[in-house]
Amino acid sequence: MHYDIVIAGGGAGGLELAAALGRKLGRRLGPEKVLLVDRSLFHIWKPTLHEVAAGTLDIHQEGLNYSTLAQRNHFSFALGEVAGLDAAGKTLKLKEITDDHGKLVVPAREVSFTWGVLAIGCGSNFFNTPGADNAAVLEREADAEAFRKRLLTAFTRAAFAERRQLSIAIVGGGATGVELSAELLESHQVFLAGVGPQHRFRLDIAIVEAGPRILGGLPEKISQQATVALQHKNIRVLTGTKVTSIEPDRLITSAGDIEAELIVWAAGIKAADSNPGLGLTTNRLNQFVVNRKLETSAPGLYAMGDCAACPLPPNETGHPGFVPARAQAAHQQASYLARVLLARLREGQVDEDFVYKDFGSLVSLGEHRGVGNLMGNLSGTNFFVEGLVAKWMYMSLHIAHHVAVLGVGQTMVLALARLLHKRVSGRLKLH
């Protein structure tokens, strides 16, 4: 099986790239030339996984089927997971697929390509912390769904327990940890409204961050705003606190033990340990090292998104940084690679390098609150927003992703349908 372009990974960047290429090539050429490979049958925007984990977003309402997206955007889709790569022979090896009982569903396969794109994302970086397997992660939709079920079980147990209290610890004060804490409070409030006053229980949430402040990658003003907002919600924010080990019911930290029935690890990213075995140059985080044109050490093979270490232009000190692992970066890289690959299909080339533009960052702090800065480094001036305006802008990023893969009309219909469904079924998914 051969395709001109094979994209491994259907996250935000990989899917947007496949959709852009397919629409440009059209109904006749797109499915013949472009293949998207992913290990899941449906797509969910990764920045919403904390909402799925908290039960405030129904994954079955939110998920988009890859096969349907492929049909509508004129590319081909194959269910599969990368098992190996022959960079010189331009062949991608896919693992066999088995069912829940271990029976073979799809045998191992090989797909050849003229140009390849690796967009296989990143996982968690546990920094060799002992007992890290006692913590839940939110890397995939399956992780978020599994935690949601554990959370609702813990809610129910606490509602009928004599102690009437539940403790949750979140390791990592980045965007995922901060947003998850706010969504957990929303879930708790909705749950209590449905069980009656005789079963009310207290929810204690602690965010444990090793750095000097939460949201360390964002402007300090946002960090301060978020800290105050979380503390007003009675969320403990522990900064400068290193987790030395994790036990099933507690964190062992530099500031003492923190008891917790549920623990979530949301600190740091690291690409798959199998990446260095694919024959490409990788860094200490197992990310593929790419040049300013997003090309890996193998000609004709690109990498994008969280799995790629793409250099930024040198700063004032002469040292280059790297493109941050953000959804907006994946979106920009998808647009850039679409132009590059379309030019290559037409036997041309794009001479300019990829240039990352920081349009700012937004953080959700619950249903009606958010904080953020706009414009980022574009003008040298940051415009700070907070409250409901910031929350609306945060939601608009999600809508923009759907527009990229569904179009304006279908996105409007989908948004309306989900709004009406939530009005009927409620905000918290209890089933």
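The values are calculated or read from the model by the stated rules, or taken from the named source; none is laboratory data. Everything quoted here is computed from the prediction, not taken from an experiment. For neighbour counting, all protein chains shown are included, and Cβ atoms are generated from backbone atoms with ideal geometry for every residue, glycine included. Just the protein is used for accessible areas: all its heavy atoms, side chains included, with ligands, DNA and RNA removed. Shrake-Rupley method; radii C 1.70, N 1.55, O 1.52, S 1.80 Å.
Whether any residue in segment 52-59 is surrounded by fewer than 22 Cβ atoms within 10 Å (Cβ to Cβ), under 17 Å from the mean Cα position of the chain (by Cα) and not polar (S, T, N, Q) is what I want to check.
Yes.
For residue 243, the stated conditions do not hold, so it cannot be described as modelled with pLDDT of 95 or more, in contact with a helix residue (DSSP H, G or I) (Cβ under 7 Å, 6 or more places away or on another chain) and closer than 11 Å to residue 171 by Cα.
None of 63, 123 is under 17 Å from the mean Cα position of the chain (by Cα), of a type outside the set (Phe, Trp, Tyr) and closer than 29 Å to residue 260 by Cα except 123. The condition of being at negative phi, buried (at least 18 other Cβ atoms within 10 Å of the Cβ) and part of a loop (DSSP other than H, G, I, E, B) holds for only one of 230, 166, 138, that being 138.
Given segment 1-115, what strands (runs of 3 or more DSSP E) lie entirely inside it while holding 1 or more residues that are closer than 23 Å to residue 307 by Cα? Before you say what the answer is, go through the steps one by one.
Numbers: elements: 2-8, 34-38, 76-79, 82-86, 91-94, 104-106.
Here the list reads 2-8, 34-38, 76-79, 82-86, 91-94.
Residue 175 - would you say it is on the phi < 0 side of the Ramachandran plot and open to solvent by 40 Å² or more (accessible area, probe 1.4 Å)? Here the answer is yes, as residue 175 does meet what is asked.
The condition of being open to solvent by less than 50 Å² (accessible area, probe 1.4 Å) and touching a residue at least 24 places away in the same chain (Cβ under 8 Å) holds for only one of 70, 88, 83, that being 70. Restricting segment 349-365 to residues that are part of a loop (DSSP other than H, G, I, E, B) and open to solvent by less than 40 Å² (accessible area, probe 1.4 Å) leaves a set whose member that is modelled with the lowest pLDDT is 365. Among the strands (runs of 3 or more DSSP E) confined to segment 261-320, the ones with at least 1 residues that are open to solvent by less than 20 Å² (accessible area, probe 1.4 Å) and out of contact with any Ser or Thr (no Cβ under 8 Å at 6 or more places or on another chain) are located at 262-265, 301-303.
Quick check on residue 153: is it part of a helix (DSSP H, G or I), of a type in the set (Val, Ile, Thr) and under 19 Å from residue 248 (Cα atoms)? Show your work before the answer.
Working: part of a helix (DSSP H, G or I): yes; of a type in the set (Val, Ile, Thr): yes; under 19 Å from residue 248 (Cα atoms): yes.
Criteria met by residue 153.
What is the one condition in (1) open to solvent by 30 Å² or more (accessible area, probe 1.4 Å); (2) in contact with a helix residue (DSSP H, G or I) (Cβ under 7 Å, 6 or more places away or on another chain); (3) under 27 Å from residue 16 (Cα atoms) that residue 121 does not satisfy? Going through (1) open to solvent by 30 Å² or more (accessible area, probe 1.4 Å); (2) in contact with a helix residue (DSSP H, G or I) (Cβ under 7 Å, 6 or more places away or on another chain); (3) under 27 Å from residue 16 (Cα atoms) one by one, residue 121 breaks only (1).
Which of the following residues is out of contact with any Asp or Glu (no Cβ under 6 Å at 6 or more places or on another chain), open to solvent by less than 10 Å² (accessible area, probe 1.4 Å) and free of Cβ contacts under 8 Å to residues at least 60 places away in the same chain: 146, 159?
The match here is 159.
Say we look at segment 326-348 and pick out the residues that are small (Gly, Ala, Ser) and farther than 20 Å from residue 405 by Cβ; which of these is least open to solvent (accessible area, probe 1.4 Å)? Looking at residues that are small (Gly, Ala, Ser) and farther than 20 Å from residue 405 by Cβ, I get 343. Candidates 30, 63: the one that is touching a Gly at 6+ places or on another chain (Cβ under 7 Å), touching a residue at least 12 places away in the same chain (Cβ under 8 Å) and small (Gly, Ala, Ser) is 30. Filter segment 76-92 down to residues that are among the hydrophobic types (A, V, I, L, M, F, W, C) and more than 23 Å from the chain's Cα centre (by Cα) and give me whichever is farthest from residue 111 (Cα to Cα). Among those residues, the one meeting the criterion is 88.
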